[in-house]
Structures are given as C-alpha cells and as structure tokens.
Amino acid sequence: MSDYYLAILHGSLLTVAVSLASLAVATLLGLAGAAAKLSGQPVLAGAAAAYTTLVRGVPELLMMLLVFYGGAIGLNNLLEALGNAEGVDLDPFVAGVLTIGFIYGAYMTETFRGAILAIPKGQMEAAWAFGMGRGQTFVRITLPQMVRYALPSFTNNWLVLIKATALVSLIGLHDMTYLAKQSSAAVREPFAFFLFTAALYLIYTSLSLWALKRLSERYSLGADKVQLL
C-alpha cells in the first residue's frame, strides 16, 4: 500500500500547481474586475457586475463541467468553421486552472474592490496633486495599503480555492483526490486513503494560513499609529 500513498503524495504536487496557477488567474481577473467596477464607466462596471453575479450564482461543479465540455465543443466548432476538421481535446489541467481561476476571480474582484474603497480617497488625490500619474499612484499609494486591507478576505479565498481543486478530479486530472479514489477502488480501503488525502489538504491550508498571517502582520506594522495620527 505504500506505493499508493506515494502516488497520492506525488499527486498532491499537481494539486499545488493547479492551486497556484488558478490563484494567478483569479488575482488578475480580480484586479481587472475591481478596476472595472470602480472605473465609473457604465459598460465596464455593468460587465464586471454581471461577471460576479453569474459566477457566484452558479455551483462550482457545474461551472467546471461547462468549461471542460462546453469549451471543447466551442473550440472544435470554431476550428471547423475555420476549415480545420480535426477535433481537439481540451487539456484537463488548462480547463481546471481556467475554471477555478475564473470562479475565484469573481470573489477576488469584491475583495480588491472593498480594499481599495477602504483607502481614504484624499491620499490618491494628494498624489495626483503632486504630479503622480494613475499608474504611479496605484503602485506607490494604493497597492501597499490595498494589500493590508485585502489580505484577510484574500486568505479565506485562497483556502477555499485550495479545497476546490478537488473538483479537477472529475475531469480526469490525476490530482491527489483522483488518485485517492483510484487507490481506494484498487484495495477497497477508502477510509485510509481519503483520510491521508484530507491530512494533506489540512497541511497545505495550515501552512498557507501561517504564511499569510505573517504577511498580514508585516503589512500591518505601524498601521495603528498611522490611524491614531
């Protein structure tokens, strides 16, 4: 049985890879969504609102299946329209990363939007008065403070995202959940393998919680003194 445990442990590396790649996609979408909602442009704000409403209203499992199967159908139809009769299969890793990133990008949108709104607007106006451009103001003024306000909600989103990667096992990706099911079917001892997999998830989430807590403390240094002033 040790070989099965080693396989699950190896599959956990794929789980981490999916988690990190999905987080990168979700962060980019979250920043873009927050910028759109705060842009003051009705079209951009409406598109961002529709995105967050749609994603948060559809179950993650259905979204995963829609992207994996619907994406493959749509891609093949597009290729056929372009004259390429050869069908293609959507890679499970790519489908999993894009789907999870797309889902949690909606939650990150609200996280970043709330963090930016928590920053006093006068600070940005003062930066503009000193001649800083919008990009320079964001990097020097908004971003450092936004990180501090966003980290608590960001941490929660990241912890849920890690656990949501178990969904990729349904589309054939050999992560640790998929391998745990295969191992349990082979030796008919599901409890041991699923308990081992749960322990691995707990280890990853606990390490993430510790690291993000340290980061939050780092960005909160001197914050109380600034508020008192």
Do the conditions hold for R148, that is, is it within 25 Å of the chain's Cα centre (by Cα), basic (K, R) and within 23 Å of A48 (Cα to Cα)?
-> no
What do you reckon, is T109 among the β-branched types (V, I, T) and within 12 Å of the chain's Cα centre (by Cα)?
-> yes
Looking across region 107-140 at residues that are in contact (Cβ under 8 Å) with a residue 12 or more places away in the chain and among the aromatic types (F, W, Y), the single one that is surrounded by the most Cβ atoms within 10 Å (Cβ to Cβ) is F112
From V25, V67, V58, residue being under 19 Å from the mean Cα position of the chain (by Cα) and modelled with pLDDT under 80 = V67
Would you point out which residue out of F196, F138 is at pLDDT 85 or above, part of a helix (DSSP H, G or I) and either of a type outside the set (S, T, N, Q) or on the phi > 0 side of the Ramachandran plot (or both)?
-> F196
Quick check: anything in region 37-47 in contact (Cβ under 8 Å) with a residue 40 or more places away in the chain, part of a helix (DSSP H, G or I) and over 15 Å from A166 (Cα atoms)?
-> yes
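For every residue, the table says whether it meets (1) of a type outside the set (S, T, Y); (2) surrounded by 14 or more Cβ atoms within 10 Å (Cβ to Cβ); (3) in contact with a strand residue (DSSP E or B) (Cβ under 6 Å, 6 or more places away or on another chain); (4) not in a helix (DSSP H, G or I).
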site	(1), (2), (3), (4)
A21	yes, yes, no, no
A34	yes, yes, no, no
Y51	no, yes, no, no
L54	yes, no, no, no
L75	yes, yes, no, no
G105	yes, yes, no, no
When residues of region 141-161 are limited to those that are of a type in the set (V, I, T) and closer than 16 Å to A106 by Cα, the one surrounded by the most Cβ atoms within 10 Å (Cβ to Cβ) | T155
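Residues to consider are V67, V16, V43, V58; find the one that is β-branched (V, I, T) and crowded, with 19+ Cβ neighbours inside 10 Å.
The match here is V67.
May I ask you to list the residues in region 89-103 that are closer than 9 Å to A26 by Cβ and either crowded, with 22+ Cβ neighbours inside 10 Å or in contact with a Leu (Cβ under 6 Å, 6 or more places away or on another chain) (or both)?
Across region 89-103, the qualifying residues are I100, G101, I103.
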Do any residues in region 95-106 that are farther than 18 Å from S169 by Cβ have Cβ atoms under 7 Å from those of residues that are at pLDDT 90 or above and not in a helix (DSSP H, G or I), where the two are at least six apart or on different chains, and which pairs are they?
-> none
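The values are calculated or read from the model by the stated rules, or taken from the named source; none is laboratory data. On a predicted model such as this, the values are computed, not experimentally measured, just so you know. Heads up, the Cβs are rebuilt from the backbone with ideal geometry, glycines too, and the neighbour counts pull from every protein chain shown.
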